[in-house]
Structure formats: C-alpha cells, structure tokens
Amino acid sequence: MNNNGLSLNTKKLVISNTAEGFTLLGAKCKRVKNTSKMSMDVDSYKIYRKLVKENLVRFSNHSSIIPTGTANNSILNLPHADIIKFYNFKVRELTSYYTFVTNRHILKGIIWQIHRSCALTLAKKHKLRTMSASFKKFGKSLDCPLTGIK
C-alpha cells in the first residue's frame with residue numbers, strides 16, 4: 001500500500017473510546033447520552049487563566065472563580081483605534097478558535113469581560129473615572145472618534 005510519505009506518530013497519537021470523552025483544542029468532548037452526537041464544551045477557567053496571564057482580566061478579592069475586566073497598562077500609550085484593534089483581535093481569536101463549542105454562552109461571558117477591559121483601558125487613557133464614563137463618552141461599542149473603528 002502506498003502511504004504517500006504519511007505516517008502516524010505513535011508518541012503523539014492517542015486512540016480512545018469516544019464514550020469516555022477526550023480533549024480537543026482545549027474543549028472537553030463527550031458523547032451525548034443515548035445518541036451518536038458529540039458535545040464539545042469550552043473550559044472557561046482555562047481561558048480565564050490565560051487572559052489573566054495576558055493582563056486582560058484579573059481575579060478580584062471576592063471571587064477566585066470568575067475574573068473581572070482590568071485596564072491594561074502596557075497598551076495605554078497606543079492610539080484609541082489601536083487599543084480597539086488589540087481587543088478586537090483578542091475577541092476574534094477566541095471566537096474563531098472555539099467556533100465548534102456547544103456552550104457558546106460561556107464564550108459570551110468571557111467576551112464581555114474583554115469588552116470591560118477595553119472600556120477600562122480607554123477610561124484610564126482618557127482620564128475618565130469609571131468604565132461607565134467610557135461607555136457614555138464613546139458609546140456602547142467604544143467608537144474611536146478619529147477613525148470610527150468600533
């Protein structure tokens with residue numbers, strides 16, 4: 001049989017029973033009971049830990065389970081439009097990587113925290129006191145006044 005130069009790497013390949021479940025691209029995959037369908041759920045805590053390392057969110061003193069948005073000091077010197085582009089990239093990265101998951105409502109909560117972080121970063125940049133002041137000044141989608149980027 002001609003394998004066209006392709007071979008399986010036995011050190012990296014794991015063949016398992018899908019009834020037991022497995023992890024694919026950070027999502028927990030398991031068979032739905034009494035069907036042949038698969039359920040793929042995102043591990044929100046894993047994503048939150050990654051976002052904490054990137055200084056996009058932080059765990060508060062009150063909750064070590066669900067973090068909250070925080071201003072990102074490393075990008076404060078960038079123009080308003082570039083800050084929006086930075087956060088848009090993070091959201092697109094998450095949504096494209098996890099397009100296949102079943103529990104998208106978890107992703108919506110994570111994206112809201114990233115949106116809060118963007119608002120807090122813009123509030124700090126423009127010397128506004130609160131996140132809500134940032135939303136009042138720039139609108140719900142935090143529009144850039146010069147370029148119109150949302």
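The values are calculated or read from the model by the stated rules, or taken from the named source; none is laboratory data. If you're wondering where the values come from, they're calculated on a predicted model, not measured in any experiment. Because the Cβ atoms are built from the backbone with ideal geometry, glycine has one as well, and the counts that use them run over all protein chains shown. Keep in mind that these areas ignore ligands, DNA and RNA; they rest on the heavy atoms of the full protein, side chains included. Shrake-Rupley method; radii C 1.70, N 1.55, O 1.52, S 1.80 Å.
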ask   = How much length is gained if the chain between SER16 and ASN34 is pulled fully straight, taking 0.36 nm per residue apart and subtracting their Cα-Cα distance, in nm to one decimal?
value = 4.6 nm
key: aspartates and glutamates whose Cα lies under 14 Å from that of LYS12, excluding same-chain neighbours fewer than 8 positions away   = none
request  = Provide the per residue accessible area, probe 1.4 Å, for the chain, rounded to a whole number of square angstrom.
outcome  = 70 Å²
request  = Report, ordered by chain and residue number, the lysines lying within cross-link reach of LYS37, taken as a straight Cα distance under 19 Å and ignoring same-chain residues fewer than 8 apart.
outcome  = LYS28
message = Quick check: at a probe of 1.4 Å, how many percent of the accessible area of the chain sits on carbon and sulfur atoms?
response = 56 percent
message = As a test of the formula, what do you get for the chain when each DSSP H run with n ≥ 4 contributes -39,500 (n - 2.57) and the sum is divided by the residue count, at 222 nm and rounded to the nearest 500 deg cm²/dmol?
response = -12500 deg cm²/dmol
inquiry  = Over the chain, with a Gaussian network built from C-alpha contacts below 10 Å, which listed residue (HIS62, HIS80, HIS115) shows the highest mean-square fluctuation?
reply    = HIS62
task = Between ALA133 and ASN61, with labels modelled 7 Å along Cα→Cβ, what's the label distance in nm to one decimal, could you check?
result = 2.2 nm
task = Springs between alpha-carbon atoms under 10 Å, Gaussian network over the chain: tell me which of THR130, THR35, THR70 tops the mean-square fluctuations.
result = THR35
key: Cβ-placed point charges (K, R +1; D, E -1), dipole of the chain about Cα centre in debye, nearest 20   = 340 debye
key: Centroid-to-centroid separation of segment 132-150 and segment 54-84 [C-alpha atoms, Å]   = 17 Å
inquiry  = Using just the Cα positions, wrap the chain in a convex hull and report its mean projected area in square nanometres, one decimal place.
reply    = 14.2 nm²
message = Please enumerate, by chain and number, the lysines with C-alpha under 20 Å from the C-alpha of LYS125, excluding those fewer than 8 residues away in the same chain.
response = LYS85, LYS90, LYS136, LYS137, LYS140, LYS150
